[in-house]
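The values are calculated or read from the model by the stated rules, or taken from the named source; none is laboratory data. All values derive from a computational prediction rather than experimental measurement. A quick note on method: Cβ atoms are made from the backbone with ideal geometry, for glycine too, and the neighbour counts reach across all protein chains shown.
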């Protein structure tokens, strides 16, 4: 019997920041005694030499000095390129060995070569995605493909700004690592967008439009103007169809089928539900064209997210917010909230100044309730730093349940869509972007259970 020698890594992977690979690698290497301070200082000096050379090129030979922000940006770009090259090695020890023994400029230049290949691959993938994009009238999906991504490829600067994504990609994906930057982020985004698009390509485009329309009816939104993820809605209903033993490409689920699904999920244990979902996903995977391993892995990666969502909706009795039923021809009772025309900027500024100059809370509330007729203006007033602490609550006391429901829908839209929203379950110490939102939660929790239920019923009916 032969003894097998196993090399145990001294470097801890959990101590390496993949978004700042080089610097965290050097720190971990020093911590483990694998690299000394003198070598680290030498590496930093070599990076500074590269920085000086790039600044000279940046200024077209006119100067070796630029604004501090510009120099810092170019240095981040250099580290981004070096990070990419070092992270391409098979293990941490190899990466550390390379940066200890190799001229840093050589590592940087090799990193540029690798990144240029990634850019070329990304451009080719983008061209394919654009050619095969879904014919869906979803604004954020189309604008991302037709406008945002071309801006990136036209503006990306690998020499001085490699770490900058230089565009806003607004279409949400199921998996989207927003901590990534530059071409690495865009390439990863394109790969995932392509997988999601390929999956949706297994379905009839009119069926996809229909389920998106039904999604819009469920949440009282115009899906065409909402940043929703097509893949998630499609795969969810596909999985539910598989559980019903329907054709998995049939995305339409009737109300009677919804009741069957609800019975299956609510009468099963958490473990049994996991088995049910796993079996349904296996049915879907069996139908994947060409057995695309990347797409199959993507679906498998999504599985625990769906299981968690289903278990949460069962717990909150809100499964109806996850299973999109076909409501064609069914009129749902709703309140269409049509806000009045917003006031002009000059009038609004004058009103805000008047409120700020008042020291009496009652006067402030009277000014707002008598002058503000638009919900948009009300939101702007709440955010204008003219009300403080309990003054928000005094205002909330004077507005209607419908307006309170609209505010809830604006603050908690994602939770409402996910079926995880209940007024009574709001948490006071949750982090909010603005004070008026925090004060709103405190106010709602002080209301009676009866009034909370009335507002909650309105939330489900209101269409913004």
Exercise. Before we move on, is residue 78 at pLDDT 95 or above, closer than 16 Å to residue 161 by Cα and under 33 Å from the mean Cα position of the chain (by Cα)?
Worked result: yes
For this session: Identify the single condition in (1) in contact (Cβ under 8 Å) with a residue 12 or more places away in the chain; (2) over 28 Å from the mean Cα position of the chain (by Cα) that residue 285 does not satisfy, given that it satisfies every other one.
Result: (2)
For this session: With the checklist (1) modelled with pLDDT of 95 or more; (2) surrounded by fewer than 12 Cβ atoms within 10 Å (Cβ to Cβ); (3) within 23 Å of residue 177 (Cα to Cα) in hand, flag the one item residue 45 doesn't pass.
Result: (3)
Problem set entry | Number of positions in segment 140-156 that are loosely packed, with under 13 Cβ neighbours inside 10 Å and either under 27 Å from residue 69 (Cα atoms) or more than 22 Å from the chain's Cα centre (by Cα) (or both) | 2
For this session: Give me a count of the residues in segment 346-378 that are within 32 Å of the chain's Cα centre (by Cα) and buried (at least 17 other Cβ atoms within 10 Å of the Cβ).
Result: 3
Exercise. Does at least one position in segment 233-240 carry a residue that is surrounded by fewer than 19 Cβ atoms within 10 Å (Cβ to Cβ) and either modelled with pLDDT under 95 or within 26 Å of residue 171 (Cα to Cα) (or both)?
Worked result: no
For this session: Can you tell me which residue within segment 190-214, out of those that are buried (at least 20 other Cβ atoms within 10 Å of the Cβ) and under 24 Å from residue 409 (Cα atoms), is nearest to the chain's Cα centre (by Cα)?
Result: 212
